[in-house]
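The values are calculated or read from the model by the stated rules, or taken from the named source; none is laboratory data. Nothing here was measured: the structure is a model prediction, and the numbers come from that model. All Cβ positions, glycine included, derive from the backbone under ideal geometry; neighbour counts span all protein chains shown.
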Amino acid sequence: MKTFNIIIFTVIISLCFISCGQKQSSHTEFALGTVCSVTLFEQSEKSIYNEVFSRIREIENLMSVNIPSSDISRVNAAAGTEPVIVHEETFKVIERALYYAEFSGGAFDLTVGPLVSLWGIGKEEQRIPLRQEILDALPLINWRNVELDRQKKSVFLKIKGMSLDLGAIAKGYAADEAVKIIKRGGVKRAIIDLGGNIVVLGEKKDGSLWNVGIQNPDKNRGDVIGFLQLTEKTIVTSGVYERFFEENNQRYHHLFDPSRGYPAKNGLLSVTLITDISMDADALSTALFVLGYEEGKKLIASLPGTEAFFVFEDRSIIMTDGINFTLTDKTFYIKNIL
Ligand code: FAD
Ligand code: MG
């Protein structure tokens with residue numbers, strides 16, 4: 001098997017900004033299984049960084065499937081047995097994840113845990129599961145079998161073997177929390193990048209917009225196909241190149257179609273969402289990737305203020321009309337503007 005090492009340092013979108021003449025400081029840490037960095041473009045207290053990163057760790061401790069004491073691990077361990085009371089904010093993220101599960105007709109499904117474990121993409125043990133293993137896992141993947149008690153703040157997975165995975169939404173939540181801390185600290189110009197969950201605040205010192213590069217899915221980190229220009233937005237991408245392995249010339253990536261149990265395959269290389277709330281953009285980028293372009297564009301049409309950018313295997317690009325994008329890699333082409 002030809003296995004690709006996961007390039008942990010690959011963030012989905014590489015950030016490009018002109019820093020000349022700007023007072024800036026930056027802090028990077030490994031958290032949430034990825035590289036998280038915060039750049040502040042103003043004189044600011046060092047304590048803002050400490051506060052942001054301890055908040056990110058707090059969220060990781062509540063919502064990671066890799067931490068046995070986390071709320072999510074405890075809920076998963078009690079699947080089919082009993083409800084588990086969770087922290088208010090874990091409850092909030094699960095509620096939002098259920099909202100997007102319903103909204104996307106199950107393309108986004110927080111109960112995808114058994115598939116994540118079975119395929120192990122990004123881990124030593126990654127492999128193509130046997131057909132029977134996938135058939136056995138499929139009945140466990142169904143967001144309708146998550147029961148919430150709003151009074152008690154408890155979560156119950158109705159079937160033994162079910163498991164939650166918030167990997168497609170919790171980084172967005174953490175980015176939104178980071179924004180709150182930065183704004184509370186009085187900083188108006190900043191860039192937050194939690195493994196590709198990006199938020200840009202304010203503008204460049206000269207008043208112009210930030211340039212955010214869209215990663216070329218075929219190339220190394222930092223090779224972009226062009227730039228978005230924006231301010232006060234979050235930019236989140238789901239793509240086939242972030243976590244994957246290849247076997248027999250087939251790429252198996254980490255974005256699963258919950259109805260089939262296999263990585264979604266629909267001609268897309270990546271989907272980028274641009275909106276105001278990073279948790280929403282995170283869930284939607286995964287949902288749209290799994291739904292594919294035709295269904296995805298219907299969802300986007302129902303969401304005013306949310307923009308989407310689709311990159312296809314044939315190197316075409318389709319984007320919504322509120323996006324300010326400059327193409328730099330001319331091996332790609334803009335096919336359509338919605
Ligand atoms: P997204 O599209 O946002 O999410 C894809 C991820 O969501 C998949 O990896 C899978 O987990 C899940 N998923 C797949 N298909 C679906 C679907 N149809 N519906 C819903 N969800 C789906 N990684 C590590 O290697 N080690 C860690 O210790 C670790 N800890 C983490 C802790 C937390 C709290 C979070 C949020 C993530 C953690 N990760 C960890 C995961 C890692 O950062 C992932 O790469 C990341 O969450 C995937 O995000 P993405 O932006 O690439 O893609
Ligand atoms: Mg996502």
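K298 satisfies every condition listed in (1) assigned to a helix (DSSP H, G or I); (2) within 15 Å of V236 (Cβ to Cβ) except (2). Residues considered: V179, V199. Of these, the only one that is at negative phi, out of contact with any Pro (no Cβ under 8 Å at 6 or more places or on another chain) and not in a strand (DSSP E or B) is V179. For the stretch 130-155, the tally of residues that are touching a residue at least 60 places away in the same chain (Cβ under 8 Å), out of contact with any Pro (no Cβ under 9 Å at 6 or more places or on another chain) and either of a type in the set (V, I, T) or outside any helix (DSSP H, G or I) (or both) stands at 2. Among all positions in the stretch 226-236, there is no residue which is surrounded by 22 or more Cβ atoms within 10 Å (Cβ to Cβ), more than 16 Å from ligand 2 (Cβ to nearest atom) and β-branched (V, I, T).
Of all residues being part of a strand (DSSP E or B) and within 16 Å of ligand 2 (Cβ to nearest atom) in the stretch 26-72, which is surrounded by the most Cβ atoms within 10 Å (Cβ to Cβ)? Just the residue, please.
Checking each candidate, the answer is C36.
Residues checked against (1) within 16 Å of ligand 2 (Cβ to nearest atom); (2) modelled with pLDDT under 90; (3) out of contact with any Lys or Arg (no Cβ under 9 Å at 6 or more places or on another chain):
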position	(1), (2), (3)
K183	no, no, yes
K188	no, no, yes
I192	yes, no, yes
K204	no, no, no
D223	no, yes, yes
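Taking the criterion of being among the aromatic types (F, W, Y) and within 16 Å of ligand 2 (Cβ to nearest atom), the only residue of the stretch 148-173 that qualifies is Y173.
Going through A79, A107 one at a time, which residue ends up being hydrophobic (A, V, I, L, M, F, W, C), touching a strand residue (DSSP E or B) at 6+ places or on another chain (Cβ under 6 Å) and not in a helix (DSSP H, G or I)? The unique qualifying residue is A79.
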